[in-house]
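These notes are about the structure you will find just below.
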Amino acid sequence: MVAPVFWLLDKVAMSCDVHTQIVSASFDRRLTLFEKIKYHIHGIACHFCRRYERQLNGMRKAARINALEFGQRTHRTMSPESKARIKELLKGG
């Protein structure tokens with residue numbers, strides 16, 4: 001009875017390196033069922049990987065907010081006076 005348990009743990013156990021790769025992959029695609037199981041088992045046991053995931057989520061949220069703000073700013077156009085002034089400067093006049 002003990003041997004199957006160790007075999008199962010060996011199959012689902014992962015290193016922190018693999019866990020961080022799976023966390024990153026989860027932002028880009030849906031995880032497979034086996035990846036989800038491994039992810040949750042390691043996440044329960046490893047405080048450092050949970051902290052890494054929180055930090056990564058925070059950075060992702062900040063980047064998304066910044067991108068939205070940047071996108072709003074890029075829709076603004078220059079005034080016709082500014083465009084004319086730049087054209088004159090580029091012509092050398």
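The values are calculated or read from the model by the stated rules, or taken from the named source; none is laboratory data. Since the model is a prediction, treat every value here as computed from it, not as a measurement. Cβ: placed from backbone, ideal geometry, glycine included. Neighbour counts: every protein chain shown.
Quick look at the values:
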item: Residue within the range 24-34 that is in a helix (DSSP H, G or I), at pLDDT 90 or above and loosely packed, with under 11 Cβ neighbours inside 10 Å present; result: yes
item: Close pairs (8 angstrom Cβ cut-off, 6 or more residues apart or separate chains): within 16 Å of Gln21 (Cα to Cα) in the range 42-71, polar (S, T, N, Q) anywhere; result: Cys49/Thr20; Tyr52/Thr20; Leu56/Ser24
item: Candidates Ile65, Ile37, filtered to the one that is at pLDDT 85 or above and of a type in the set (A, V, I, L, M); result: Ile37
